[in-house]
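Below is one structure, written out as structure tokens, with a few remarks after it.
The values are calculated or read from the model by the stated rules, or taken from the named source; none is laboratory data. Bear in mind that the values here come from a model prediction, so they are computed numbers and not experimental data. Please note: Cβ atoms are built from the backbone with ideal geometry, for glycine as well, and neighbour counts cover all protein chains shown. To get the accessible areas, we keep the full protein, side chains included, count just its heavy atoms, and leave off ligands, DNA and RNA. Shrake-Rupley method; radii C 1.70, N 1.55, O 1.52, S 1.80 Å.
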Amino acid sequence: MLEKEVKTPARPGFVRAFDEHHPPDPEVIADCVHCGFCLPTCPTYLLWGEEMDSPRGRIVLMKLANQGEIALTEQVTQHFDRCLGCMACVTACPSGVQYNQLIEATRAQVERRAPRSASDRLFRSLLFALFPHPDRLRAMLPLLWAYQRSGAERLLASRVATRLVPARLRSMAAMLPPVRLNAARPPAPYIAAQGGKARRRVGMLLGCVQRAFFGDVNAATARVLAAEGCDVIVPQAQSCCGALSIHAGREDEGLRYARRLIDAFEAADVEQIVVNVAGCGSTMKEYGHLLRDDPAYAERARRFSAKVRDVSEALAELEPQAPRHSIELRVAYHDACHLSHGQGVRKQPRAVLRTIPGLEVVDIPEGEICCGSAGVYNLLEPDAARELGERKARNIMSVRPQALVAANPGCLLQINVALGRLGAPLPTLHPVQLLDASIRGVWPEGVSRR
Ligand code: SF4
Ligand code: SF4
């Protein structure tokens, strides 16, 4: 029945949807037994109730495209584009279907072969000319600072602008975090472990958006790791990790970034590579798979991936050594999809937060459902992202926290905007910022006391 809905008969001149370079693996597709257990956790299925916007429906589309029975029409491409890549379906699937591999392969095919409008291509090119380049982002900070202070931000949120300015540009402007010209500088290339002999020698990823807009989180990460007995190496030559490009199907570009990052961290000779952005960590753990065809990098990529740890994983592996001070605060912990579904990291951030005396950590109802951020999804599909953001915000409001904590800047921005729209703004923090405040004995910045 599903197949009939989208099948178009092969005809003379029919162009195969997918080319020969890593189409979605038919063996992985065959693992799907169409049970539908994944449907209730799929955000796009929850939004529209459309089979073809569910994991099961998308897998059928991949199968038909592989068999040359459907083309990459605008309609088919849209079903793939609408997938957030949140991987909630991977967690839910009792048959172990590796949907993450399927959608990644499909996105690369779509990017190479599907026709897109000129405006769509232009917008995508703009995003990727900007976000993987921290230097370019930093160079724009004075302009963005002036924009936020000029009142143009309020103008862009007005009803008139809603009619005149494309939704994608409005969404991009709305997601801009508060710009600070005196933001924290990147950590020094080397920060020595405190408390005598180092327990670990770790490398630290700076991220791109993280480096430009959330320098405080990087500074807190370096301080916490050092306080917990790690020598912290911050390779200065590090580039983007390629996560955004790979999630968007820009395979060659993403792999170029991956190779450069491997080079930079190999030179640092570290035991672990610590990451404080869920989306980056999830992709870096996949380098071994992504670079499997590259004889010069395949083995090095596997070794690199084996060293990658989310900062909460790295800290949870170490017995706490730095004394904690009490922080009497009730926080809601949001599971970033690329940490929980992508890396299976759920216990560690909660365990790390629970080392802080006085801190109350509460879970959010429907915690497994994506907030709509998903890399650049909220910029490319702003309407769906908005609905998901508000659903998440309402669930957060239901547990009455004083602050929201998550390990991904994209989630924090997305949810912050949604909470603001619902008139319930909250301070937002990365878990390491709370731990850093506790270790230093200071109150977390931007949070009011009870
Ligand atoms: S990755 Fe997320 S949005 Fe995509 S099919 Fe799976 S659950 Fe649905
Ligand atoms: S992806 Fe897994 S859970 Fe979803 S329909 Fe297929 S087998 Fe069932």
Region 272-370, accessible surface, carbon-and-sulfur percent (1.4 angstrom probe): 51 percent
R0 of 22 Å, Cβ-Cβ distance Arg449-Leu422: FRET efficiency to nearest 0.05: 0.40
Pair Gln236, Leu155: separation of 7 Å Cα→Cβ label points (nm): 4.1 nm
Point-charge dipole on Cβ atoms (K/R +1, D/E -1) for region 155-289, about Cα centre, debye to 20: 620 debye
Mean Cα-pair separation over length for region 19-151, i.e. relative contact order, pairs under 8 Å, 6 or more apart, %: 27 percent
Helix-only mean residue ellipticity at 222 nm for the chain, each DSSP H run of n ≥ 4 adding -39500 (n - 2.57), per residue, nearest 500: -14500 deg cm²/dmol
Amide hydrogen neighbours beyond the local backbone of Glu360, cut-off 5 Å, H modeled: Leu329, Arg330, Val331
For Gly389, net neighbour charge (Lys/Arg +1, Asp/Glu -1) across residues whose Cβ lies under 12 Å away: +1
Size of electric dipole in region 305-450: Cβ of Lys, Arg +1 and of Asp, Glu -1, about Cα centre, debye, nearest 20: 340 debye
Binned Cα-Cα distance frequencies in region 131-289 - 10 Å width, integer %: 10, 33, 30, 19, 7, 1, 0
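Counting pairwise Cα distances across the chain, what percent come out greater than 42 angstrom?
Working: 13781 of 101025 pairs.
Summing the P(r) of the chain above 42 Å gives 14 percent of all pairs.
Counting only protein heavy atoms and a 1.4 Å probe, tell me what percentage of region 43-99's accessible area is made up of carbon and sulfur.
Values: 830 of 1890 Å².
Roughly 44 percent of what the probe reaches on region 43-99 is carbon or sulfur.
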Coarse-grained scattering of region 252-309 at q = 0.12, 0.15, 0.20 Å⁻¹, given as base-10 log I(q)/I(0) from a Debye sum over alpha-carbon atoms: -0.23, -0.36, -0.66
Distance between modelled label sites at Ser398 and Leu181, nm, 7 Å Cα→Cβ extension: 4.5 nm
Accessible area of Asp263 in the full protein assembly, 1.4 Å probe (Å², nearest 10): 70 Å²
FRET E, pair Glu299, Ser95, Förster distance 35 Å, beta-carbon r, rounded to 0.05: 0.70
Per residue accessible area in Å² of region 200-277, where ligands, DNA and RNA are left out and the probe is 1.4 Å: 27 Å²
Percentage of interatomic Cα-Cα distances in region 1-160 larger than 25 Å: 44 percent
Accessible-area order (highest first, 1.4 angstrom probe) of the listed residues Met284, Met140: Met140, Met284
Cα point-scatterer Debye curve for region 364-414, base-10 log of I(q)/I(0) at q = 0.14, 0.16, 0.19, 0.30 Å⁻¹: -0.32, -0.42, -0.59, -1.26
Computed label-point distance, nm, for sites Ala129 and Arg260 using a 7 Å Cα→Cβ extension: 1.7 nm
Heavy-atom accessible area order for Phe128, Phe37, largest first, 1.4 Å probe: Phe37, Phe128
Within region 87-152, trypsin sites (Lys or Arg not before Pro) in DSSP loop having at most 16 other beta-carbon neighbours inside 10 Å: Arg116
Within region 44-68: backbone nitrogen closer than 19 Å to the Asp19 label point (7 Å, Cα to C-beta): 65-68
Highest to lowest packing among 361-368, 245-252, scored as the average C-beta count within 10 Å: 245-252, 361-368
Estimated dipole of region 214-257 in Debye, rounded to 20 [Cβ of Lys and Arg +1, of Asp and Glu -1, Cα centre]: 60 debye
J(HN,Hα) series, region 37-42, from Karplus relation 6.51 cos²θ - 1.76 cosθ + 1.60, nearest Hz, glycine and proline x: 4, 7, 4, x, 9, 8
Per-peptide average of other Cβ atoms within 10 Å, ordering 56-66, 313-323 highest first: 56-66, 313-323
Share of carbon and sulfur in the accessible heavy-atom surface of region 374-450 [1.4 Å probe, %]: 46 percent
Pair-distance profile P(r), taking every C-alpha pair of region 70-149, with 5 angstrom steps and integer %: 3, 11, 15, 17, 15, 13, 11, 9, 4, 2, 0
For region 270-378: relative contact order, % (alpha-carbon pairs under 8 angstrom, 6 or more apart): 27 percent
Local net charge near Thr77, Cβ-Cβ under 14 Å (Lys/Arg +1, Asp/Glu -1): +2
Residue-count net charge about Gly281 - beta-carbon cut-off 11 Å; Lys, Arg +1, Asp, Glu -1: -1
Hydrodynamic radius of region 120-163 per Kirkwood, over alpha carbon pairs, in Å: 12.2 Å
Rounded accessible area of Tyr257 (nearest 10 Å², 1.4 Å probe): 20 Å²
